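Chemist: First the structure, then my questions, so here it is.
The values are calculated or read from the model by the stated rules, or taken from the named source; none is laboratory data. Note that the structure is predicted; figures quoted are calculated from it, not measured. Please note: Cβ atoms are built from the backbone with ideal geometry, for glycine as well, and neighbour counts cover all protein chains shown.
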Amino acid sequence: MRTTCIFAFFAFLIFSCQTNENQSENNANDLPSYRLETVDSVTVKGILARLFLFQAADEDHIIFRDATTSDVYVFDREGNSVDKWDKTGDVPGAFSMSAGNFAQDKAGNLVILDIMNGIKIFKKDGEILQNFGIYQNQWSLGGAFSLFKSYQVIQKNGKEYLLYSLDVIEESPDDYGPEYLQERENLILTDLETEETKTFLPFPEGSQFLNGNVFLFNDFRPVFKYDEKSQLLYLMFQNEPILYTYDWAGAEPVLLEKTDLNLEGFVAGEGFEKGAVSFAKISDRTINPAPSIVLNLEKYGEDLLITYKPSPADKGDIAQLASGEASKELKAKLSEETKKRTVVLTQKGEIVPVSLPEMNPYDFAVIGEDIWWMKKHTGEEEQEDFTVYRGRLVEE
């Protein structure tokens, strides 16, 4: 066992060196690109829902939810309805539209985190198995609907945990200043059997969030992925183009590598002087109307899949947008310029663009080797039939 761990550690060091070397060579090399190729699709029919979204899938079932209600739809892999249930109102396990997407535990149960109502675990027929209260009352809500995972069910030492973060995971500071960020712990871990919860993982040394300024909450929300096989935790903060890789074989994650990523069009913020922004403010369009933001970080095979939004290249355009003086044409130009981009970060440290098919604006979900998405609905008529696609990345 010890020999295996030592070998894995040195293998990671070799990978890290290759990552740094290849990152600097990205501009000089002609890299291939990837596209998302459809493997198959499933259509479900006769749906009456305002915002019908794919949630999760396993070998037997596909789970959907009306994101504006608590209606949950269960289908088999052929698209036949198996069950439908909801948790609206004053019932055990009730959750709201502020809840994230369903994750699944090792038994296939559905786990959901509602930042207003806590953690819930359901059987696929809607039976409530666990009903935890929220760890910390929230001061703010932020983020649009998305299929991107904001939390993850993980297994460590034979136990299952929910790994997640919240906009605010501690009491309000008397005075919001850089001292708050020096002490902040950014991740939360909840034992899914006992509800025992702890916070951990402060900002690593060298992070821009320790530069003596304060930041909007949207800037330092973490996106992360824990890989159980390698016991590595990959983490980025949303306005910092740096990948932090931790060894989490022990009780606490240990930082192994800090990798600067050359994401085209990404502009990291420097923060604001103390007092310029208030505590728990998610964003401020009058200060920065088009910030760069890392939206998602996923392990895909042996590589990492990163989705982000760049900032406009012209600072004058940003100023016009912030002041409210941007014309309709300029807004359209900036909307195109700041569209979401997805790239693959390879083991060699190459950043390779990904060509995605047209899909709904709620993005995609990675489950195992597959990427799931739904097409954007372009018709004006009310939609009752929905198709979810399953695909894999192929090199062009």
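Chemist: Give the residue that is surrounded by the most Cβ atoms within 10 Å (Cβ to Cβ), with candidates limited to residues of the range 214-231 that are in a loop (DSSP other than H, G, I, E, B) and over 13 Å from the mean Cα position of the chain (by Cα).
Modeler: Narrowing the range 214-231 to residues in a loop (DSSP other than H, G, I, E, B): 215-216, 221, 228-231.
From the residues that got through so far, the ones that are over 13 Å from the mean Cα position of the chain (by Cα) too are 215-216, 228-231.
On the way: Phe215: 21, Leu216: 24, Glu228: 12, Lys229: 6, Ser230: 17, Gln231: 16.
Residue satisfying both the conditions and the ranking: Leu216.
Chemist: Condition check: more than 22 Å from Val366 (Cα to Cα) and at pLDDT 95 or above. Does Asp260 satisfy that?
Modeler: So Asp260 fits the description; yes.
Chemist: Return a yes/no flag: does the range 157-166 have any residue that is free of Cβ contacts under 8 Å to residues at least 24 places away in the same chain and either outside any loop (DSSP other than H, G, I, E, B) or of a type outside the set (S, T, N, Q) (or both). Step through it out loud before you land on a result.
Modeler: So the first thing to find is which residues in the range 157-166 are free of Cβ contacts under 8 Å to residues at least 24 places away in the same chain, and the list is 157-158.
Subsequent filtering for residues that are either outside any loop (DSSP other than H, G, I, E, B) or of a type outside the set (S, T, N, Q) (or both) retains 158.
Taking every residue of the range 157-166 in turn, at least one turns out to be free of Cβ contacts under 8 Å to residues at least 24 places away in the same chain and either outside any loop (DSSP other than H, G, I, E, B) or of a type outside the set (S, T, N, Q) (or both).
Chemist: In the range 289-301, how many are in contact (Cβ under 8 Å) with a residue 60 or more places away in the chain and not in a strand (DSSP E or B)? Reasoning before the result, please.
Modeler: Quick first cut of the range 289-301, residues in contact (Cβ under 8 Å) with a residue 60 or more places away in the chain only: 291, 293-301.
With not in a strand (DSSP E or B) added as a condition, the list becomes 291, 301.
Result for the range 289-301: 2.
Chemist: Check the range 168-187 and report whether any residue there is of a type in the set (Asp, Glu), buried (at least 19 other Cβ atoms within 10 Å of the Cβ) and either part of a strand (DSSP E or B) or touching a helix residue (DSSP H, G or I) at 6+ places or on another chain (Cβ under 9 Å) (or both).
Modeler: In the first step, residues of the range 168-187 are kept if they are of a type in the set (Asp, Glu); the result is 170-171, 174-175, 179, 183, 185.
With the extra rule that they be buried (at least 19 other Cβ atoms within 10 Å of the Cβ), the set shrinks to none.
Taking every residue of the range 168-187 in turn, none turns out to be of a type in the set (Asp, Glu), buried (at least 19 other Cβ atoms within 10 Å of the Cβ) and either part of a strand (DSSP E or B) or touching a helix residue (DSSP H, G or I) at 6+ places or on another chain (Cβ under 9 Å) (or both).
Chemist: With respect to Val72, is the statement that it is closer than 26 Å to His377 by Cβ, aliphatic (A, V, I, L, M) and not in a loop (DSSP other than H, G, I, E, B) true? Write out each step before concluding.
Modeler: Working: closer than 26 Å to His377 by Cβ: yes; aliphatic (A, V, I, L, M): yes; not in a loop (DSSP other than H, G, I, E, B): yes.
So Val72 fits the description; yes.
Chemist: Failed condition for Thr199, given (1) surrounded by fewer than 21 Cβ atoms within 10 Å (Cβ to Cβ); (2) more than 17 Å from the chain's Cα centre (by Cα); (3) in contact (Cβ under 8 Å) with a residue 24 or more places away in the chain; (4) not in a strand (DSSP E or B), with all others met?
Modeler: All conditions are met except number (4).
Chemist: Which of the residues belonging to the range 82-97 are in contact with a strand residue (DSSP E or B) (Cβ under 6 Å, 6 or more places away or on another chain) and within 25 Å of Tyr389 (Cα to Cα)?
Modeler: Residues satisfying the conditions are Val82, Asp83, Lys84, Trp85, Asp86.
Chemist: Also, quick follow-up: With respect to Asp363, determine if the residue is within 26 Å of Asp30 (Cβ to Cβ) and acidic (Asp, Glu).
Modeler: Numbers: within 26 Å of Asp30 (Cβ to Cβ): no; acidic (Asp, Glu): yes.
Here the answer is no, as Asp363 does not meet what is asked.
Chemist: What's the number of the only condition in (1) surrounded by fewer than 17 Cβ atoms within 10 Å (Cβ to Cβ); (2) part of a strand (DSSP E or B); (3) not polar (S, T, N, Q) that Tyr246 fails to meet?
Modeler: Against the list (1) surrounded by fewer than 17 Cβ atoms within 10 Å (Cβ to Cβ); (2) part of a strand (DSSP E or B); (3) not polar (S, T, N, Q), Tyr246 comes up short only on (1).
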